[in-house]
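The values are calculated or read from the model by the stated rules, or taken from the named source; none is laboratory data. Since this is a predicted model, take the numbers as computed values, not measurements. Cβ coordinates were reconstructed from backbone atoms using ideal geometry, including for glycine residues, and neighbour counts include every protein chain displayed.
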Amino acid sequence: MKKATIIAGIVVVLLVFLTVVFQNRRITLTVTTHPFVKTEELLLAGFPYPIVPIYSAKDDFLTEVPKKTFEKVSTGDPIAVFEKIQEDFNYQKAQADYARSLLQDGLAVQKEKEVAMQLALNELKNTTTLSPINGYIIRSFAIENTFVNKGTLLFELIPEDFGFLIPVEKGLQERLKSMDAITLTFPRLGLSVSLTEMNYIYRDNQWCLSVPGSRFKGHIPLKEETCTLYVYYPANDLAWIPARFLDSGKVQREDGTWIPVEVFPVPDEESATNDGLVLVKGLTDGMKITGKR
């Protein structure tokens with residue numbers, strides 16, 4: 001009886017030992033990675049250039065603002081009209097004085113009256129602010145029926161052939177040099193622009209990615225317009241591995257060290273065909289990893 005008990009105890013210990021051994025038995029796999037196109041999304045802000053400021057030429061009462069923000073303007077278009085009752089009266093009087101001098105006075109007086117008439121005409125012209133370019137109004141500070149002081153900023157304009165600059169830090173610029181293509185989206189404008197050639201302009205002590213205004217297809221940007229930059233570049237660190245090899249977002253190398261990985265989402269139908277496997281990013285081709293059998 002005692003002998004049977006001893007034998008039974010040995011069998012139990014052996015079974016426990018074998019169970020522990022096989023439960024903790026590990027296998028080693030060689031990683032095979034797959035190429036894919038990786039997308040990086042960056043939120044940036046850019047601005048159109050050049051910006052043409054328009055200031056008030058005089059202290060006066062602003063009566064009319066014919067053009068509004070984002071409207072197209074042509075060279076010579078009135079964009080702000082000031083009260084001109086006094087200026088109109090002064091010009092008419094100067095004209096009359098000059099006409100009388102031609103009949104009554106000598107050359108010296110005639111010249112004096114002509115200069116006075118020209119000055120009065122210039123004052124009358126200053127009651128209407130004209131657009132100096134063909135372009136667009138991107139900001140308007142002019143308010144009808146208000147008094148403005150000389151030198152007050154009334155408008156900011158951009159030319160028809162404007163450019164758009166996006167400041168990029170040096171590290172990003174270096175990475176973009178290796179890109180075949182990038183995409184910019186402008187949420188407010190509902191616009192997407194793909195670029196296969198990246199050009200840069202150094203402005204205000206920083207490098208800026210330059211986008212031709214023609215790519216905006218008639219959309220007019222704000223003085224500061226937010227955009228999203230999508231960068232596409234090839235990567236080669238995707239691999240299918242057994243799900244049981246994952247431990248808290250890490251995989252163990254053959255040498256016992258651990259490496260963090262990111263589980264890559266896949267469609268349900270693809271996941272079903274690879275039952276028991278997970279797709280992860282962060283491994284290199286040929287790397288040996290270990291896990292539970």
Original post:
Which of the residues spanning the range 103-113 are surrounded by 13 or more Cβ atoms within 10 Å (Cβ to Cβ) and modelled with pLDDT of 80 or more?
Top reply: K111, E112
Subject >> Residue in the range 154-170 that is surrounded by fewer than 17 Cβ atoms within 10 Å (Cβ to Cβ) and of a type in the set (A, V, I, L, M) present >> reply: no
Original post:
Mind checking which residues of the range 227-242 are exposed (fewer than 14 other Cβ atoms within 10 Å of the Cβ) and either at pLDDT 90 or above or β-branched (V, I, T) (or both)?
Top reply: none
Original post:
For the range 219-242, does any single residue satisfy the condition of being part of a loop (DSSP other than H, G, I, E, B) and in contact with a helix residue (DSSP H, G or I) (Cβ under 9 Å, 6 or more places away or on another chain)?
Top reply: yes
Original post:
Which residues, taken from the range 94-147, are closer than 24 Å to K58 by Cβ, part of a helix (DSSP H, G or I) and β-branched (V, I, T)?
Top reply: V115
Original post:
Looking at this structure, is L107 more than 28 Å from G213 (Cα to Cα) and of a type in the set (A, V, I, L, M, F, W, C)?
Top reply: yes
